[in-house]
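Quick note: the coordinates plus some simple rules give every number you see, no bench work behind them. A quick note: this is a predicted structure, and the numbers were derived from the prediction, not measured.
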Amino acid sequence: MALCLFAASCGCGNDKKNDNDDFAYVDDEDLDEDEDESSESHDGKYTDVKEEVWEEYGNRNIRIEGDKTISHPELMKDKKKCFIVMSKKDYYLYVYEAQGKDTVMLARYDCCFSRKKGQKEKSGDMKTPHCSLDEPFSISEIVDASDWKHDFGDGRGEILSYGNYFHRLVTPGHKGIGIHGSTNNVESVPGRASEGCIRLHDEDLDDLHDNYTFVGMKVVIKAEEQDDYPFEARAMKNQNIVRKRHLDPRKTLTNQQVEQSSDVHRANGTSVSQNDIPEDEMQPINPSQEFDESEMVRENLTIEELKARRHL
């Protein structure tokens, strides 16, 4: 088994080039035998933090406890050797740099992914695409998005939504996916609420942009079932990095569990069970009747009109 380190030709004797010229492989045998190569964090434990279901603007989203931002640009040696890894499972965006045979974590930010879990298959499915180390995404464009607005079809109309920057990603088979801010949606980070893009807190987006990102930067978005890569576990252990969220993938919520949950928090902060929801607001548990923002936007429907159409 080979461990893929994002090292742009670091000169190691056992480096193996793959089809992407920017990457080299370092065999696991190059690591010390006593190093922890497990997929768990350096302390070997999963955390007790759990995902919570929230109802916002007629949709069910996921929120989870936030963590502190980490950013150490002073540790960076070569910006062009930096790369991004995102964990859909743990709701983090990490910035790493390959330094020789080692990998150093430079930054960590809370992030928000799509409302629905799983691999993106088509436009409008409310899913964030994921990829592998062997076939990473990349940043194709970084643009000023400070005046960009979007209508989420939730009754708020067109509102500022992107923070100061939009990092457009090359995601084969899909368009319009990028890393941006959470203007007017700050409570959604960390969690799941977007239409497919990745949201950061606006101030974290600025830090990411100002210190680390560049056009051509490689980006890996891990699937929900993918835990830490060995080089990530090693970096956290070596740098003594503690995190609030390291979720057991066997215990995270599925899309169906989110839709059927009877423990739902409302946007005003109250927690209600399904039995506490007034009858005229009850939504039948039927995946075919999920709210579809793309339908609302496409046909200029309000939530009330969409409910009427679906006899909710």
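Work out, step by step, the length gained on full extension between GLN99 and SER140: first 0.36 nm times the residue separation, then minus their alpha carbon distance; give nm to one decimal. Show your work: numbers first, answer last.
Numbers: separation 41, 0.36 × 41 = 14.76 nm, distance 2.40 nm.
Taking GLN99 through SER140 to full extension adds about 12.4 nm, to one decimal.
Whole-Hz Karplus values for region 210-220 come out as 5, 10, 10, 7, 7, 5, x, 4, 7, 9, 10 Hz, taken residue by residue from phi with 6.51 cos²θ - 1.76 cosθ + 1.60 and θ = phi - 60°; glycine and proline positions read x. Taking each of LYS88/LYS175; LYS81/LYS149; LYS116/LYS251; LYS50/LYS89; LYS116/LYS222 in turn, the alpha-carbon distance tops 22 angstrom for LYS81/LYS149. Computed from backbone phi with θ = phi - 60° and the Karplus coefficients 6.51, -1.76 and 1.60, the 3J(HN,Hα) list for region 137-143 is 7, 8, 8, 9, 6, 10, 10 Hz; x is used for glycine and proline. For ALA223, the residues whose modelled amide H falls within less than 5 Å of its own, excluding neighbours fewer than 5 places apart on the same chain, are CYS131.
Using every pair of distinct Cα positions in region 125-220, the Kirkwood expression returns a hydrodynamic radius of 13.8 angstrom. Scanning residues 5 or more positions from THR183 or on other chains, those with amide H under 5 Å from its amide H are TYR162, GLY163, with H placed 1.01 Å from N in the peptide plane. With Cα atoms as the point set, region 118-175 shows a radius of gyration and Dmax of 13.7, 41 Å.
Give me Rg over Rh for region 180-249, both radii from the alpha carbons and Rh done the Kirkwood way, two decimal places. Could the numbers behind the result be given before it?
Working: Rg = 14.1 Å, Rh = 14.5 Å.
In region 180-249, Rg relative to Rh is 0.98.
Here the Karplus relation 6.51 cos²θ - 1.76 cosθ + 1.60, evaluated at θ = phi - 60°, turns the backbone of region 47-62 into coupling constants of 8, 8, 4, 10, 6, 10, 8, 10, 9, 9, 6, x, 10, 9, 10, 10 Hz, with x for every Gly and Pro. Mean projected area of the convex hull spanned by the Cα atoms of region 40-275, taken over all viewing directions: 12.7 nm².
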